[in-house]
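Enquirer: Sharing a structure below in structure tokens format, with a few things to ask.
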């Protein structure tokens, strides 16, 4: 028995939101939002939005009546249209015109074929093209490639993967392909230090820096050369970024005795992220949505590869981007191993071990992921115990949990020990001792605050773009200190850089809302409980896996996004801390949308159109924004190529 239909639930939420907005407009002065009693254009616009939402809510609640009225008018208009069409098409003028056109086509074709040269071509090559087409279709290679939907999906996805990786090479090399401009080598320095058995970098601070009473004050040290944004603690330099990439690089140095700059690490981690994204997108389609056509996987792969800011990371591949891309690579890899490990009746232990290792390395790369990964671990626990309780194998479940937790516990101990060796505390990462513009040593309390939430939400979600008349046609603008609609100013120390809101640059993420709405519908309608009684076992298992996956992705996205909302600093690269999970959730939403609309022709066509537009806009804007990047590297490092492209695309 349904508690609420999805339509009624949406109507109630819309009505509450509309009422709240109207109340906000009316009570703006009392709430301290507007200090002027005069109703300006912003308050009037706010009131209009609230009234519009209430009107939309009323339409949703009276849907049956409106729909019936609409169908009535549709039948009348259809009848009149049929009558009008019949009258026009049956008229003697139209029949005469159609007959004339038919005779003209016949005579024209006969005249063309009467030309000797055309006769020769038809005689010699008339049957050649159909024969070549038939031979191509019947060739063993084409027969093999088109043997199954799964094979087509794999070939299409991995072919697109190869194209995207080539684009990555073009971006990171600023169009030079083989000559990659260098950026930073911080992780190479950390790997060198770890290789020599120490946690601090093998460079000594300038003695003048150590003589300062407060070396963290930028004005006091600005004339002293230092590696930018490193940590200074007790006369030694450290890095506050996660050590996992440096540990991996130290291991690679045993086999590859060459220096590897941060640009190569960013390229490797972004490519690795895309690799596991393709694997996961294919696995979700194969296991849960194989009734859908094979091409439905292509939009997800394309957006995962080009979504802003993943290509953006490649156009300024420095130490900051290494930590972020490494964290996302290991996070998505862990999600893939978790999903595939839990698909069978008994969890696959070796996949759970790989999942655990990946998530330990993700936290070791980007500590802000620890909350999201803790939630994901809890989701895996519940799934494992749910499976073991059904088959009454508690003993097996305990050993499975040991396999799951061992790498994570070892990773946590290792990270705590690394911090203790450096700063004497297992939970100190050194950010407060960083040598940057802000003196965090004196003002560490300003780094996290709920006073940043409103401005961070606006900047991450809705900050606009700058449109250009020439290539690359779009550029990000700096984030906002003032939310103009409410006239709310951020704290003085709030810091913004270039930012483009994801609701503008990535419309594909609206499909994530489909997954969320379907999840809410199942919760409020009780459909999960109903379907589990007397249903097909495979359908029930797929439904449980789908529900688990959506819940895990929603929770991970929210918990990845939350630390950024209370942080004082906004910049484009931080979008990469949560956008991959959101794209995966949106891909699941696109699969579900295809399934829902497949039985309704008009709705299905609308879905295909919206999917194509959102995918193309998201991928194109992600690529064009990356051409600019933080430092406009294409314009500065390869101006000849940039000018050629600019001239080519100017009209």
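Every read-out reported here was derived from the displayed coordinates using simple, explicitly stated rules and does not represent laboratory data. All figures in this text were calculated on a predicted structure; none of them were measured in a lab. No Cβ is skipped: glycine too gets one built from the backbone with ideal geometry, and neighbour counts run over all protein chains shown.
Enquirer: Which value, to two decimals, describes the C-alpha radius of gyration of segment 182-300 once divided by 2.2 N^0.38 Å? If you can, show how the numbers build up before the last one.
Expert: On the way: Rg = 21.3 Å, N = 119, 2.2 N^0.38 = 13.5 Å.
Ratio of Cα Rg to 2.2 N^0.38 Å: 1.58.
Enquirer: Report, in deg cm²/dmol and to the nearest 500, the calculated mean residue ellipticity at 222 nm for the chain, where each DSSP H run with n ≥ 4 adds -39500 (n - 2.57) and the sum is divided by the residue count. All intermediate terms of the calculation are to be shown ahead of the outcome.
Expert: Numbers: 28 runs with 429 residues, N = 651.
Calculated mean residue ellipticity at 222 nm is -21500 deg cm²/dmol.
Enquirer: Taking the Cβ-Cβ separation of residue 477 and residue 204 as r and a Förster radius of 41 Å, what is the calculated FRET efficiency to the nearest 0.05? Don't jump to the answer; show the numbers that get you there.
Expert: Working: r = 41 Å, r/R0 = 1.01.
Taking R0 as 41 Å, the efficiency between residue 477 and residue 204 is 0.50.
Enquirer: Okay, moving on. How large is log10 I(q)/I(0) at q = 0.15, 0.20, 0.21 Å⁻¹ when the Debye formula is applied to the Cα atoms of segment 151-242, each weighted equally and without solvent?
Expert: So the normalised log intensities work out to -0.76, -0.96, -1.00.
Enquirer: Separate question: Given segment 254-332, what whole percent of its Cα pairs are spread farther than 14 Å? Don't jump to the answer; show the numbers that get you there.
Expert: Numbers: 1978 of 3081 pairs.
Above the 14 Å cut-off, segment 254-332 has 64 percent of its Cα pairs.
Enquirer: Under 8 Å for C-alpha pairs, at least 6 residues apart: give me the relative contact order for segment 166-266, rounded to a whole percent. Don't jump to the answer; show the numbers that get you there.
Expert: On the way: 98 pairs, mean separation 36.2, N = 101.
In percent, rounded to a whole number, it is 36.
Enquirer: Sequence gap at least 6, Cα distance under 8 Å: using those rules, report the relative contact order of the chain to the nearest whole percent. List each step's numbers first, then the result.
Expert: Working: 859 pairs, mean separation 110.9, N = 651.
Relative CO of the chain lands at 17 percent.
Enquirer: Percent of Cα-Cα pairs more than 48 Å apart in the chain, please. Walk me through the numbers on the way to the answer.
Expert: On the way: 59051 of 211575 pairs.
Here the tail beyond 48 Å accounts for 28 percent of pairs.
Enquirer: Enter the angle in degrees (range 0 to 90, nearest 10) between the Cα long axis of helix 639-648 and the first principal axis of the Cα atoms of the chain, meaning the one along which they spread out most.
Expert: Around 20 degrees separate the two axes.
Enquirer: Would you mind ranking 582, 160 by Cβ crowding within 10 Å, fewest neighbours first?
Expert: Values: 582 24, 160 18.
Fewest to most other Cβ atoms nearby, the residues stand as 160, 582.
Enquirer: Based only on other Cβ atoms within 10 Å, what is the fewest-to-most ordering of 271, 29?
Expert: 29, 271
Enquirer: Kirkwood hydrodynamic radius, segment 567-626, all distinct C-alpha pairs: what's the number in Å?
Expert: Working: mean 1/r = 0.0741 Å⁻¹.
Kirkwood radius, segment 567-626: 13.5 Å.
Enquirer: Report P(r) for segment 293-389: all Cα-Cα distances, bin width 5 Å, range 0 to the bin holding the largest distance, values in whole percent.
Expert: Percent of Cα pairs in each bin: 2, 12, 18, 18, 17, 16, 10, 4, 1, 0.
Enquirer: For the chain, give the share of DSSP beta bridges that are antiparallel, in percent and rounded to the nearest 5; count only bridges with both residues there. Intermediate results must be reported in sequence, preceding the final value.
Expert: On the way: 12 of 14 bridges.
The answer is about 85 percent antiparallel.
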